[in-house]
1. Could you list the chymotrypsin sites (Phe, Trp or Tyr not before Pro) in region B:6-80 that lie in coil according to DSSP, counting only those with at most 10 other Cβ atoms within 10 Å of their Cβ?
2. On alpha-carbon atoms, Rg over Rh for region A:87-186 using Kirkwood Rh?
3. Add -39500 (n - 2.57) for each DSSP H run of 4 or more in chain A, then divide by its residues: what number comes out at 222 nm, to the nearest 500 deg cm²/dmol?
4. Quickly estimate the mean residue ellipticity at 222 nm for chain B, helices only: each DSSP H run with n ≥ 4 gives -39500 (n - 2.57), and the total goes over all residues, rounded to 500.
5. Among residues other than B:Gly28 whose Cβ falls under 10 Å from its Cβ, what is the net charge (Lys/Arg +1, Asp/Glu -1)?
6. Return one number: the angle in degrees, 0 to 90 and rounded to the nearest 10, between the long axis of the Cα atoms of helix A:44-60 and the longest principal axis of the Cα atoms of chain A.
7. Working from the pairwise distances between different alpha carbons, so that the mean of 1/r is found and then inverted, what is the protein assembly as shown's Kirkwood radius in Å?
8. For the peptides A:147-155, B:7-15, what is the packing order when you average, over each peptide's residues, the other Cβ atoms within 10 Å and list the highest mean first?
Amino acid sequence: MWIFNRLIMVIVFAALFVGGLFAAIYGLNILGYQIADLQQTLGLPAAYEGFQNFITGVENGSLTPTGIAILIGVALLGLILLILELKPRRPRRVRMEKGTYITRAAVNDEVAGATEGTNNVLGSSVKVKAKRRPGAAVDVNADVRRGEDQKVIKNDLRAAVQERLAESGIPLGKIKVKLNESDPRQTKTRVQ
Amino acid sequence: MAEGLITTARAVSEAALSTEGVHALGGGTFAEAATYEGSEKFVGVSVTETEVEVHIVAKYPLAKPIPELAKDIEKNVSPESGGRRISVVIEDIEVAEEVADDVDL
């Protein structure tokens, strides 16, 4: 949601900048441009007309199927954005017990240590998310050779991560393991 | 009360660092973890009127599971906290020798 808000703000500020620039150029009659021509240049009358027809259709209850679809889409989008905005932010740190937290980076290091010590894992990338309740959600992407028994490696990986975190006392909420078949020459752990 | 924030932070940090398994104080990950008072700043412990937040780097290998380490820290820090709520944040787990090397550089 933070990224979405940032994107919206970038668009709004860019529009303000461009709009302000146009208004200044046309308002000051720079290079022969006149403010009276601005609407025409930006194509606003056609846009106004389209919007006016749409609103008239809404008022008269004579909407086209496309119009209905647009309104439903806008309402749904609004609802989704509202829910996302109202949803409490995900905590930055992983909660362990009351008053005890561990940073995601520290959990990440622990998980990475466990995954890279697992047999047949050539390299890995780990993503740790803090959950609202105690525990971390862990996503592991591991590189393995082609033709390896993925089920066995997945189980080994899960067990290694669970064991390492249990040893450290870090509660594990959820673990997702994804294996990618990779060329050993291009992974972190090289083989000869 | 406000006058003692830095003093409290110092006392808390000493108590935290004396706990077995604590390697160093952390500086905060997303924002600086520090106590500010006048022109002074103490990094690693954040003391407010109601809360004490201790940021630590644990020693690897862990002498005990992190929750137990946090309990020990809380126990040691408690007398210095002036009745404030205590939170312990584990920022990192580091091998002591590696950190020593870093410091030498």
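1. Listed in order of number, the matching sites are B:Phe30.
2. 1.02
3. -18500 deg cm²/dmol
4. -10000 deg cm²/dmol
5. -3
6. Between helix and principal axis, roughly 80 degrees.
7. After inverting the pairwise mean of 1/r, the radius is 24.4 Å.
8. B:7-15, A:147-155
Read-outs: derived from the displayed coordinates by stated rules, not from any lab. All figures in this text were calculated on a predicted structure; none of them were measured in a lab. Note: ideal-geometry Cβ built from the backbone for every residue, glycine included; neighbour counts use all protein chains shown.
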